[in-house]
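Right, one structure below, let's go through it.
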Amino acid sequence: MRHITRHVLAGLMLALWGAVGSALAQSPAQSPAPPPAFWKNEWPKTDFAITSVAHWSEIRGGGPPRDGIPAISDPKMIAVAQENRLGDREPVIALELPGQTPRAYPVRYLMWHEIVNDVVGEVPVAVTFCPLCNSGIVFDRRLNGEVLSFGVSGKLRNSDMVMYDHETESWWQQAIGTGIVGAHTGDELDEVTSWMESWASFRARNPEGLVMDQPNWSRNYGTNPYANYDSSRRPFLFNGEMPPHGIPALARVVRVGNRAWPLERLRKEGEVNEAGVRIVWTAGQASALDSRKIADGRDVGAVRVYDAAGNSVLHDVMFAFAFNAFWPEPKGIWMLGR
């Protein structure tokens, strides 16, 4: 309960950040003025002279400090048949690499840890989930011959988690997998094909698979500390533009590249074939950001995305405001149908 209280108190604390953000605003330039002094004290290894961020006020504290949300490394995996804590409709991030036993990472754990550093076969991966923008992406941790490991910075940009790597303490934007501050500014992590689906769906397809075991932390796993968040009118700590075309800010969209399909459209149509991909929606997955108990969340369904040959395609299911923030028109294309 103490962790939940910190999330609640964070909402009160962060009202102060609006004033701080205004004070830190800079005029447009090639690089912003020096960052706040306390950032340098907290991040002594981060090279703040290198950044793609135009204004430091774009980056805000999310409440918990650096590593206040503890990332998990080398998680314990158990057999699917051993798992008896997950509800059938609870969401998991599925990772099925060629030649490897399929793995499921329950969102009930990612909700409280946001990053899991794992190794699947010979592939080091970071399984990430940002609750504030519903973005669940798996990245390959290899970059230029080096293997990075990631933690949660406690910072947000466009209400999206800012990750950091332990090696250089560079800051990374989770939604796009790109370095934004420090030595790795401009570097991009490769995504690894994954998808979010219900536990029942993963279990039925992979009875011999593996699932991440409950971490050894004192957390109220299975609960949602952001109850009713995906019914809110506005995102938490977000001052950007709202989505166009009358799309609610916290409506889910399926992002493939720079295109976004509203999940509500997919729910109504069941399947669409456009822009070289086939997107299939099926019922049976609970929203992790609805009710206090994740297993009781309303049914938002799950999607799979395929190419013409039937291969799974990289995609993300995120909130509309986040897509609009990182892929604004005309860069971003909204697939609204008729």
Stokes-Einstein, Kirkwood over Cα pairs, the chain, 10 °C, 1.306 mPa s; D in µm²/s equals 78 µm²/s
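Pull out a ≥ b ≥ c, the square roots of the eigenvalues of the alpha-carbon gyration tensor of segment 142-196, then state rounded if a/c is under 1.5, prolate if not and a/b is larger than b/c, and oblate in the remaining case. Don't jump to the answer; show the numbers that get you there.
Details: a/c = 1.60, a/b = 1.04, b/c = 1.54.
Judged from the Cα gyration tensor, segment 142-196 comes out oblate (a/c at least 1.5, b/c at or above a/b).
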Dividing the helical contributions, -39500 (n - 2.57) per DSSP H run of n ≥ 4, by the residues of the chain yields a 222 nm value, nearest 500 deg cm²/dmol, of -4000 deg cm²/dmol
Taking only C-alpha positions in segment 209-338, Rg and Dmax in angstrom work out to 16.0, 49
Output row, site residue 275, 7 Å Cα→C-beta label point, backbone N cut-off 15 Å, window segment 177-197, residues none
Whole-Hz Karplus couplings 3J(HN,Hα) for segment 71-82, θ = phi - 60° and coefficients 6.51, -1.76, 1.60, Gly and Pro as x, run 5, 10, 10, 6, x, 6, 10, 10, 5, 3, 5, 7
In degrees, nearest 10, the alpha-carbon axis of helix 2-13 is tilted away from the dominant principal axis of the alpha carbons of the chain by 50 degrees
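By average Cβ neighbour count within 10 Å, what is the ranking of 70-77, 308-315 from highest down? Walk me through the numbers on the way to the answer.
Details: 70-77: 16.1, 308-315: 12.4.
Result, highest mean Cβ count within 10 Å first: 70-77, 308-315.
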Computed ³J(HN,Hα) along segment 202-207: with the Karplus parameters 6.51/-1.76/1.60, θ = phi - 60°, integer Hz and x for glycine or proline, the list is 4, 4, 5, 7, 10, x
Distance in nm between residue 100 and residue 66 label points, each 7 Å along Cα→Cβ, equals 2.9 nm
At q = 0.14, 0.22, 0.23 1/Å the base-10 log of I(q)/I(0) from the Debye formula over the alpha-carbon atoms of segment 39-160 is -0.71, -1.44, -1.51
If amide H atoms are modeled at 1.01 Å from N in the peptide plane, then the residues at a separation of 5 or more from residue 209, or on another chain, having amide H under 5 Å from its own are 80
For residue 293, the residues 5 or more places away or on another chain with a placed amide H closer than 5 Å to its own amide H are 224
Phi-derived 3J(HN,Hα) across segment 268-275 with the Karplus relation (6.51, -1.76, 1.60, θ = phi - 60°), rounded Hz, x for Gly and Pro, is 6, 8, x, 8, 10, 10, 8, 6
Which residues qualify? For residue 97, with a placed amide H closer than 5 Å and at least 5 residues away or on another chain, they are 103
The Cα extents of segment 33-105 along the principal axes, largest first and rounded to whole Å, are 54, 29, 21
At R0 = 45 Å the Cβ-Cβ FRET efficiency linking residue 147 and residue 245, nearest 0.05, sits at 0.60
Length gained if residue 306 through residue 37 is fully extended, taking 0.36 nm per residue and subtracting the Cα-Cα distance, is 92.1 nm
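At a Förster distance of 30 Å, what's the computed FRET efficiency of residue 233 paired with residue 267, Cβ-Cβ distance as r, to 0.05?
Calculated value: 0.90.
Any read-out appearing in this document is the output of simple, stated calculations on the displayed coordinates, not a laboratory observation. Every value quoted in this text rests on a predicted model; they were computed, and no experiment measured them. Positions of Cβ are generated from backbone atoms using ideal geometry, with glycine treated the same way; all protein chains shown enter the neighbour counts.
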